[in-house]
Structure formats: structure tokens, C-alpha cells
Amino acid sequence: MHQDKNVERRTVLKAAGASLAVAGLGATATACGGGSGSGDGTVTIRYAWWGAEDRAERIKKTIALFEKKYPKIKVKTDFQVYPDFWKKFNTQASGGNPPDVFQNAIGFLRKYDAKNVLLDLNAQVEAGNLSLDGFRAGLEKFGEVDGKLLGIPVGSNSMALVIDKPVYTKSGVKPEQGWTWDDFDAAMKKIRDKAGRAGDSGMYGVMYLYDLYLRQNGKAFFTEDGLGFTEADLKEWWTKAEKGIKQGIYADPKKVAQTKPKSAVAAELAAGEFTWDNFTVRYTSEGKSEYGLAPIPTTDGKKTGQYLGSLMLSASRRTQHPKEVAQFINFMVHEPEVAKIMGYDRGVPATQAQYDAFKPTDPVNKAIAEYEESLVAAGVLEPITPHPNGADICEAGFMRIAEELALGKRSVDDAVKQFFTESKTALGS
Amino acid sequence: MGTAVTHAPATEDLTKDSEPRHRPAKSPRPAALKRRGRRETLAGYLFMSPWIAGFLLLTAGPMVASLYFAFTDYNLFDAPRWIGLDNFSEMFADPRWQNSVKVTLWYVAVGTPIKLIAALGVALLLAQKRRGQAFYRAAFYAPSLIGASVSIAIVWKAIFSDDAIVDRTQKLFGIDVGGWTGDPDLIIYSLVALTVWQFGAPMVIFLAGLKQVPRELYEAAEVDGAGTFRRFWNITLPMISPVLFFNVLLETIHSFQIFSSAYIVGGGAGGNACGPADGSMVYTCYLYVQGFENSRMGLASAMAWVLLVAVALVTAVLFWSQKRWVHYEEGA
């Protein structure tokens with residue numbers, strides 16, 4: 001009996017050991033089998049983007065369309081809100097497991113090119129899997145860095161002043177193309193006095209607006225490898241900000257901080273905000289008022305310093321299916337049906353075919369189309385400011401330090417000094 | 001530490017107990033016995049192996065790696081580059097790092113004592129026999145079960161925002177400072193409130209400690225004419241000092257590691273990294289920002305080790321101080 005018991009135990013142990021080993025092997029097998037593709041030639045690619053829920057719904061519809069046309073390619077999706085997107089992406093990419101294709105923007109091209117993450121799509125263009133024909137306004141060049149094709153634009157957008165229309169009307173303010181900063185400052189005061197609302201949500205921390213202001217004065221936020229302005233320039237910009245907050249023409253920064261991620265305009269804390277024109281789509285879903293687009297104020301009455309920005313699709317250099325990824329991008333930028341589903345959610349479609357396919361009927365999308373057309377007509381568009389490696393960290397620092405200034409935690413001098421210190425670190429490394 | 005001390009002998013007894021059971025009473029073959037002993041040891045390790053593998057792969061391995069990264073410039077993508085102590089000198093000179101240390105120390109120094117005093121106070125009330133005792137204990141304990149969750153942090157953020165319940169209540173009393181979460185100086189107090197609200201866990205430990213105090217000490221003191229306060233100060237406090245020490249130690253270490261509540265109440269996804277103007281940028285939040293937002297894993301690893309050493313030092317000081325105020329019963 002005693003002997004038997006022992007045998008029994010040994011068997012149990014062996015079984016336990018064996019199952020452990022099997023479990024271990026199984027785990028390794030699944031870990032290595034992250035790659036895709038199966039016997040019947042079906043290929044799976046992973047696609048990740050940032051955005052809100054409504055963008056995800058639209059994108060999923062376009063993917064269904066794609067999978068119908070390419071039954072041998074399956075698309076797995078993943079999305080986050082903007083600030084979380086890159087955290088997850090960095091972690092995945094550094095582990096050698098980035099999504100095969102993902103949303104991107106100009107500010108990140110050099111950064112991820114330097115890290116060898118992005119696939120040069122030129123080879124796929126030559127192979128005929130991806131077409132660069134039919135893009136509007138030279139947009140096909142937007143994803144080029146040092147001769148490498150690192151991203152394909154899906155839409156174009158530009159900076160604008162998004163306004164709460166009824167508040168502007170009530171205050172008797174009518175912004176026109178070519179209005180100056182003096183006009184703008186006077187309008188802000190008028191809105192505060194007549195509508196009892198701050199005129200702006202916090203323009204002093206918007207890097208892309210300060211860039212336009214600098215460009216109007218022959219400078220720019222970035223050069224190819226550093227900052228394009230001096231401490232004295234920024235001191236002037238932020239001194240004006242400090243004054244404006246005290247006077248109540250810029251919204252109370254405490255309230256703006258609490259309403260995030262909702263915009264201060266939609267939360268009725270401010271009558272306007274400088275941001276990308278396609279954001280009116282989002283504001284309309286967030287807020288109750290009617291939102292419109294106003295032109296960027298100028299220094300000399302003509303030059304706004306504006307350029308077209310763009311969201312893009314990039315491919316991972318580590319993808320095992322470059323051909324399928326190229327076919328996917330090609331479909332997403334050229335297929336007219338895709339534009340009908342997406343609307344102007346990611347900006348005005350990049351290709352002429354898609355642009356023609358979606359004719360807006362609602363006032364919000366119509367306003368965006370009119371705004372971009374008016375920019376072309378006014379001839380104010382210029383080439384884009386370069387974005388060196390580290391630009392994204394500079395932008396985050398600019399926003400944060402401006403907020404600290406607004407909340408009274410830093411003097412202007414201190415804030416300027418801090419920003420230059422941080423930028424030097426971010427751009428230097 | 002009281003609990004740990006009582007635990008240790010208990011485990012020892014168990015092993016002593018079980019050994020003879022496996023061993024045949026009188027064995028004629030010591031060699032076979034040895035072999036079986038070895039086999040059993042092996043079996044023991046085999047059964048422990050999932051835990052050991054987990055410890056080595058998920059805890060010890062990454063710790064060693066992070067110690068190495070702490071001395072390198074590592075951005076997740078390129079191979080780590082050895083830079084000696086540069087991470088540390090950069091860290092100590094960084095005003096945002098200094099701010100995060102200040103915020104964290106403030107949080108620990110304010111939150112921990114208030115929490116422990118609340119826990120002890122309620123424990124004293126609940127230690128007396130009364131109707132519905134079990135219900136009260138459960139009710140006060142519940143927050144510490146759910147308090148660390150993300151959903152509570154989201155609720156907390158809503159409570160302390162503009163025009164929410166706290167803002168409106170303080171306005172009733174003529175205090176108009178707005179919501180706490182938008183104010184860089186006040187947001188940390190909403191986090192202190194969140195941790196104090198979870199006093200249930202130390203309270204339960206205090207309750208257990210209070211039960212251990214012999215009744216006759218109180219009776220003797222009462223005969224000698226000692227009042228309530230006197231009895232608390234001269235009997236209760238010294239008698240529960242090992243439990244108090246244990247709670248102080250645990251809560252202090254725990255407070256230093258605050259992350260998720262600060263991250264979420266301070267904005268989290270879609271908002272500020274950690275509070276307006278870094279108002280709730282506690283140490284671990286800044287560590288996270290450096291590591292995952294700025295992709296500076298080397299620097300973040302260095303920060304983690306500095307935190308570990310700092311917490312170890314605080315713990316050492318606490319242990320050293322217990323000679324002065326913690327009374328263990330002689331000969332127990």
C-alpha cells in the first residue's frame with residue numbers, strides 16, 4: 001500500500017511536470033506566432049490609430065469595405081485617444097511588435113525615422129501597389145523625409161480660429177480675412193464686455209498658432225534642427241498672455257484645466273480657440289452651440305503664415321506584409337466610397353477622387369470646405385515648418401509651461417527659461 | 001511588525017509537525033531515506049517552480065535590467081548607451097523632478113498621519129461592544145477595498161471639480177476657491193482626502209491590536225483614578241505601539257508609491273499629465289511621464305532606484321526609531 005501511494009505520487013508529479021512543460025511550450029509558441037498568415041494565403045495586418053469613438057466607427061466601416069474587395073487580407077484594429085496612442089505604440093514598437101500600418105502626422109516622421117520604425121514606401125510605389133497620382137495641392141510630398149516616403153496623407157487640415165458663432169454675433173464681431181492682431185485684441189475685449197465670456201481659451205500655449213505668428217514675422221517655431229526663435233520673442237508672446245488672463249480676455253486657466261479633454265469652447269468657457277479646422281466636427285458633437293471658422297489674424301494685413309497639415313498612414317519597417325499594407329493604404333486614400341464614409345473627420349480628403357466623392361451637405365462640413373477653399377483663393381498657403389526629432393516633446397512642454405504661467409506658478413522670465421532648457425534637451429538628444 | 005513576529009514561529013511549527021509524519025518511525029536504511037528526502041525537496045521545488053519562474057522572470061530579472069538601464073541612455077528603440085551617473089545628475093538638477101519630490105513628500109507627510117489618526121479614532125469607537133458593530137466595521141472597511149480602483153478615482157475627480165458637490169458645499173460657507181482639481185495648490189488635498197477615506201485597512205489592524213490589550217490594566221488604572229485620556233495615553237497607546245508601528249510603516253511605504261489616483265484625478269488620459277501645473281505630479285507619475293511619454297527609460301529606471309533607496313532609508317529610520325517608542329511585551 002505504502003509503495004503504491006508513492007508510485008501514485010510520482011505519477012502525479014510527472015504529470016504535473018509534463019503539463020507545466022507543455023504549458024510553457026504553448027506559451028512560447030503563441031508568443032512567437034504573433035506573425036500572421038495561414039495556410040490558405042490569408043494575411044492579417046494590424047492597423048492602429050488615435051481618435052474618438054465616432055472616428056473608430058467610421059474607420060471600421062471602411063475596413064469592412066476593404067475586406068470585401070480584398071478577401072485574402074484581414075485587418076485587426078486598435079485605437080486610443082491621442083495622448084495614449086503613442087505610449088502604447090512606443091511600447092509595442094520597442095518590443096518589435098508595432099502595428100503593420102498606423103495613423104501618423106508630420107511632427108512624428110523624423111522622430112520615428114531616426115528610430116528605424118518607418119517603412120520607406122517608395123519600393124511599393126515602384127512595385128505598383130501604391131499610387132501617388134491624383135493628390136491635391138502637392139500633398140503626396142508631405143510624407144517625404146530625406147527622399148524617403150514615410151507617410152501617405154489621408155487628409156489635409158489647417159489652423160483656424162474656431163468660434164462660437166452666436167457669441168460672436170451677439171458681441172458684434174465680424175472677423176474677416178486679413179484682420180490684424182490689433183483687431184483681434186479689440187474683438188476679444190468686446191466679447192468679454194458684451195457677451196460676458198472670455199474671448200479665447202488659451203492661445204498662448206498653442207504651439208501651432210505661435211508658429212504662425214512667428215512665420216508672419218519671418219521666423220518659425222522650428223528650423224531643421226532646433227528652435228527658430230529667441231527668448232526675447234517668447235517673452236513678448238507670454239507677457240501678452242499674462243496680461244490677457246488678468247483682464248479676463250483669455251479663459252480662466254483653472255476652469256480650462258478641469259474641463260479637459262473637452263474643449264473650453266464647447267464647455268462655454270471661451271468664445272473661440274485656435275486649433276485645426278477639422279476639430280469643428282468634434283466640437284459640434286461636444287457642445288450645444290453653433291460653431292464656425294474664422295481666419296487667422298495677421299501682422300501685416302495679408303500674410304497668415306498658414307500651411308496645410310495632414311494626418312497620414314505609415315507602415316512599420318518590421319511588417320511582414322509590405323505589399324498588403326501598401327494595398328491597404330492605397331485603398332484608403334483613393335477609394336471614393338471611403339471618403340463618403342469618413343467625411344472631413346481627418347481633414348479634407350487628400351486625393352481629388354475622394355474630394356469629389358464627398359460633397360458636404362451639413363453646415364459644419366460645408367464650412368470646413370469653404371474655409372480651405374478660401375485659403376487657396378487668398379493665396380496664403382506656404383510650405384510647412386520642419387519638425388525636427390523631438391518636436392513632439394517641445395510641443396508638450398510649450399503647452400504645459402504656458403499653463404503653469406497662466407496659473408500663476410511661474411513668472412514670464414522663469415517660464416521662458418524653463419521652456420528653452422527643456423527644448424534644448426528634447427531636440428539635442 | 002507584531003504580526004510578522006508571531007507568524008514566523010507558527011510556520012516553523014508546521015514544518016516540524018509535518019516532517020515526522022512523512023518519515024517512517026524507525027528507518028533501517030538511512031541512504032534511502034536521504035534519497036527520498038532529496039526527492040521530496042525536488043518535488044517541493046517543482047511545485048514552487050511556477051512561482052519561482054514568475055519571480056525570476058517578472059520581478060528579479062526586470063529589476064536587474066532596470067539597475068543596468070539606470071546608468072544608460074535608453075530610449076526603448078536604440079541599444080542602451082552607458083553614460084555612468086549622468087541620469088542621476090540630470091535628475092537632481094531637474095526642477096520638475098524636485099517638484100515631484102516635494103509633492104510626494106507633502107502627500108506622505110500630510111496624508112499618512114491623518115489617515116492613521118482617523119483609523120485609530122474609529123477603531124477606538126468600534127472596539128466597544130454595541131449594537132450593529134459588525135455592520136459599522138464592514139461599512140468603514142469597504143472604502144479600502146474599492147478605493148484603489150480606477151473608477152473611484154474618476155468619481156473623486158468629479159466630486160472635486162468645478163460646480164460639483166465639494167465646490168458647491170464650500171460656497172454655502174462663503175468659500176469660493178473653485179473646484180480643487182483645477183487648482184495646482186489644492187489638487188493634492190483631494191488626493192489626501194482620497195487616501196484618508198480608505199482608513200479601513202489600518203483600522204481593522206488597530207481593532208485587532210486593541211483586542212489584545214488586557215482588561216485588567218484598565219481596571220487597575222480605573223481603581224487608581226485614571227481618566228479616559230490618561231488610560232488611552234498610558235495604557236492603550238503603549239500596548240498597541242507594535243501595531244501602530246506596523247501601520248505607520250505600511251502606510252508610509254504605500255503612500256510613497258501613489259500612482260493611479262494621482263494620474264487619473266490629475267487628468268490622466270486626454271488631459272494634463274498629472275494635474276494643472278504639475279500640482280499632483282507625484283514621483284511615480286513623473287517617472288511614468290519620463291519613461292513612457294518622453295521615451296527616456298534610462299532616466300526613468302534611475303528614478304525608480306532613487307525611489308527604492310529613499311523608501312528603504314525611510315523604513316530604516318522608522319525601524320531605528322522604534323527603540324524609543326515601540327514597546328514589545330517582555331518575555332512574551
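The values are calculated or read from the model by the stated rules, or taken from the named source; none is laboratory data. Keep in mind that this is a model prediction, so the values were computed, not measured. With ideal geometry, Cβ positions are generated from the backbone for all residues, glycine too; neighbour counts draw on all protein chains shown.
Evaluated against (1) surrounded by fewer than 23 Cβ atoms within 10 Å (Cβ to Cβ); (2) among the charged types (D, E, K, R); (3) closer than 24 Å to A:Leu109 by Cα, A:Arg346 falls short on exactly one condition, (1). Figure legend. Inter-residue proximity from region B:295-322: first residues in contact (Cβ under 8 Å) with a residue 24 or more places away in the chain, second residues in a loop (DSSP other than H, G, I, E, B) and not small (Gly, Ala, Ser), beta-carbon distance below 7 Å, spacing 6+ or different chains. Indicated pairs: B:Ser295/B:Asn75; B:Ser295/B:Leu76; B:Arg296/B:Asn75; B:Met297/B:Tyr74; B:Met297/B:Asn75; B:Met297/B:Leu76; B:Gly298/B:Tyr74; B:Gly298/B:Pro80.
Would you say B:Arg137 is at pLDDT below 90, within 12 Å of chain A (Cβ to nearest Cβ), in a helix (DSSP H, G or I) and surrounded by 14 or more Cβ atoms within 10 Å (Cβ to Cβ)? In short, no. Of all the listed residues (B:Asn75, B:Asn87, B:Asn99), the sole one being in a loop (DSSP other than H, G, I, E, B), at pLDDT 75 or above and within 14 Å of chain A (Cβ to nearest Cβ) is B:Asn75. Quick one: would you say A:Glu231 is at negative phi, surrounded by fewer than 17 Cβ atoms within 10 Å (Cβ to Cβ), away from chain B (no Cβ under 14 Å) and without any contact (Cβ under 8 Å) to a residue 12 or more places away in the chain? Here the answer is no, as A:Glu231 does not meet what is asked. Being more than 14 Å from every other protein chain (Cβ to nearest Cβ), more than 28 Å from the chain's Cα centre (by Cα) and aromatic (Phe, Trp, Tyr) is the requirement here; does B:Phe173 meet it? So B:Phe173 passes the test. A single member of B:Ala221, B:Ala201, B:Ala193, B:Ala262 is touching a strand residue (DSSP E or B) at 6+ places or on another chain (Cβ under 8 Å) and away from chain A (no Cβ under 14 Å), and it is B:Ala262. The number of residues in region A:56-107 that are in a helix (DSSP H, G or I), more than 14 Å from chain B (Cβ to nearest Cβ) and more than 16 Å from the chain's Cα centre (by Cα) comes to 12.
Scanning region A:160-210 for residues that are more than 16 Å from A:Ile296 (Cβ to Cβ), in contact (Cβ under 8 Å) with a residue 40 or more places away in the chain and part of a helix (DSSP H, G or I) yields A:Lys165, A:Pro166, A:Val167, A:Ser171, A:Lys189, A:Ile191, A:Arg192, A:Ala195, A:Gly205. Residues in region B:285-297 that are assigned to a helix (DSSP H, G or I) and within 11 Å of another protein chain (Cβ to nearest Cβ): B:Tyr288, B:Val289, B:Gln290, B:Gly291, B:Phe292, B:Glu293, B:Met297.
Scanning region A:363-421 for residues that are within 14 Å of chain B (Cβ to nearest Cβ) and closer than 18 Å to A:Val348 by Cα yields no hits at all.
Specify the residue that is nearest to A:Phe279 (Cα to Cα); the eligible residues are those in region A:90-104 that are at pLDDT 90 or above and of a type outside the set (S, T, N, Q). Outline the logic, then answer.
Restricting attention to region A:90-104, the residues satisfying the condition of being at pLDDT 90 or above are A:98-104.
Restricting the remaining residues to those that are of a type outside the set (S, T, N, Q) gives A:98-102.
Values: A:Pro98: 28, A:Pro99: 26, A:Asp100: 27, A:Val101: 24, A:Phe102: 20 Å.
The qualifying residue nearest to A:Phe279 (Cα to Cα) is A:Phe102.
The set of residues from region A:237-268 being part of a loop (DSSP other than H, G, I, E, B) and either more than 25 Å from the chain's Cα centre (by Cα) or without any contact (Cβ under 8 Å) to a residue 40 or more places away in the chain (or both) comprises A:Gly248, A:Ile249, A:Asp252, A:Lys260, A:Lys262, A:Ala266, A:Ala267.
The set of residues in region B:49-88 that are among the polar types (S, T, N, Q) and within 19 Å of B:Tyr288 (Cα to Cα) comprises B:Thr59, B:Ser66, B:Thr72, B:Asn75, B:Asn87.
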